[in-house]
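Everything below concerns the one structure shown next.
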Amino acid sequence: MMKVFLNGRIVNEDQAVISVFDHGFLYGYGLFETIRAYRGRLFLFDRHYDRLVRAADAYNIKLAKTAYQLYDEVKLTLKENNLQDAYIRITLSGGTEGLGLWGGQHHTPTWLIMAKPLGDLPSVKGITSLNLRRASAEGAFRSKSLSFANNMLAKKELYERGLSAEEGVFFSERGYLVEGTVSNLFFARNGTLYTPHEATGLLPGVTRAFVIELAQRLNIELREGFYKLDHLMNADEIFLTNSIQEIVPVDQLDGNGVQVVGPLTERLILAYQSAIEEQGDVVYDKVDE
C-alpha cells in the first residue's frame with residue numbers, strides 16, 4: 001500500500017482524506033510538479049521548486065514552505081515507500097476556502113506528495129496530430145495546474161481513434177505546433193534543433209529548459225519559433241521531453257515512419273544521462289536557507 005505525505009504527515013493511501021471544500025477538488029485550483037528520483041536523488045529539484053514558487057505566486061496560493069522543507073518531505077515520502085528510483089508527484093491545491101470562487105489569497109493550501117515505482121518507460125514513441133486545439137493558458141503564462149481537462153480530452157480523442165498508445169500533439173488555434181499532452185516537442189532539420197516558442201501557449205517544461213541548455217553546451221544551433229505540421233513532417237529527427245520519461249525519440253508521425261534516434265537526439269540523450277550521473281543530490285543548509 002502506498003504511503004503519502006498529506007499536510008505534514010505520512011498516512012496510508014486509504015487514510016488520505018481531503019475536504020470536499022478544497023478548491024483543488026471544486027474548481028481545479030492548484031498546481032503540481034512531477035519529479036524523477038534516481039537512486040534516491042531528486043533530479044533538477046531546485047528548478048521544479050522554482051517553477052512551483054512562480055506559479056503559486058501567480059495563483060495567490062501561500063506557499064509557506066522552503067525548498068529545504070519540501071525536499072525533506074519528498075525524501076521522507078521516498079523512504080516510507082522504500083523507493084530509490086521513483087515517479088514523484090507534488091500537489092499544491094488552493095485548500096479549503098469554502099463553496100464559491102475566492103479572489104483573495106489562499107492561506108491554507110493542501111500539500112500532497114506521492115511516490116511510486118517507475119514501471120515500464122517507452123524507449124520510442126509514436127505521435128499523432130490532435131484535432132482538439134490547445135486551450136489558452138489560465139493566466140499570464142501557463143502553469144502546471146490541476147486544470148487538466150484539455151489534456152484529458154486529448155487522451156479521450158486518441159482512445160476513440162484507437163491510438164491510445166500514441167502521444168497526441170497539440171496545435172494552437174492558429175495552427176502552430178504547441179506540445180504533447182504530457183510532453184514538450186523538439187525536432188531537427190539539417191543539423192539545427194527546433195522547438196515551439198513559449199508564446200504558442202506551451203507549458204515551459206523543466207526538462208525542456210534543461211535540454212535547451214544541453215544543446216547550447218553541445219554547440220547545437222537551436223531555434224524557438226512558430227512551426228506548423230509541414231515543418232514536423234519534413235524533420236530529420238523528432239523527440240519528446242518530460243521529467244519522468246526524459247528524452248523520447250519519435251518513430252511514427254501520423255502513421256508515417258521517422259528516423260529513430262538520429263545524431264542530434266543521440267548526442268542529447270548521452271548528455272542528459274551524463275548530467276544525471278554527475279549531479280549529486282541537493283544539499284540545503286537547514287539553519288540558514
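The values are calculated or read from the model by the stated rules, or taken from the named source; none is laboratory data. Since this is a predicted model, take the numbers as computed values, not measurements. Positions of Cβ are generated from backbone atoms using ideal geometry, with glycine treated the same way; all protein chains shown enter the neighbour counts. Only protein heavy atoms, including side chains, enter the accessible area calculation; ligands, DNA and RNA are left aside. Shrake-Rupley method; radii C 1.70, N 1.55, O 1.52, S 1.80 Å.
For the pair His197 and Phe226, label points projected 7 Å from Cα toward Cβ lie 0.7 nm apart. Taking all protein chains together and rolling a 1.4 Å probe, Trp102 ends up with roughly 120 Å² accessible. Of Lys79/Lys155; Lys79/Lys144; Lys65/Lys144; Lys75/Lys125, which ones are farther than 29 Å apart at the Cα? Result: Lys79/Lys155; Lys75/Lys125 exceed 29 Å.
Just for the chain, what percent of DSSP beta bridges are antiparallel, to the closest 5?
Details: 42 of 53 bridges.
Beta bridges within the chain, antiparallel portion: roughly 80 percent.
For region 89-153, averaging the sequence separation of C-alpha pairs within contact (under 8 Å, six or more residues apart) and dividing by the residue count gives a relative contact order of 26 percent. Within the accessible surface of the chain, defined with a 1.4 Å probe on protein heavy atoms only, the carbon and sulfur portion equals 50 percent. Between Asn150 and Leu76, the FRET efficiency from the beta-carbon distance, with R0 = 41 Å, is close to 0.80. A simple spin-label model places the labels of Glu160 and Gln259 3.7 nm from each other, with each point 7 Å out along Cα-to-Cβ. Taken per residue, the accessible surface of region 43-180 reaches 50 Å², heavy atoms only and a 1.4 Å probe.
Sorting Lys144, Lys75 by accessible area (1.4 Å probe), largest first, what list results? Intermediate values should be presented prior to the final figure.
Values: Lys144 35, Lys75 60 Å².
The ranking, largest first, comes out as Lys75, Lys144.
Quick check: pseudo-label points 7 Å beyond the Cα along Cα→Cβ at Ala64 and Arg174, how many nm apart are they? It works out to 4.2 nm between the two label points.
Taking 17 Å as the cut-off, the amide N atoms of region 135-158 that come nearer than this to a point 7 Å along the Cα-to-beta-carbon line of Lys116 belong to 152.
To the nearest Å, what is the center-to-center distance of region 16-60 and region 126-194, using C-alpha atoms only? Measuring centre to centre over Cα atoms gives 21 Å.
So what is the calculated 222 nm ellipticity per residue for the chain, using -39500 (n - 2.57) for each DSSP H run with n of 4 or more, over all residues, to the nearest 500 deg cm²/dmol?
On the way: 7 runs with 79 residues, N = 289.
Rounded to the nearest 500, it is -8500 deg cm²/dmol.
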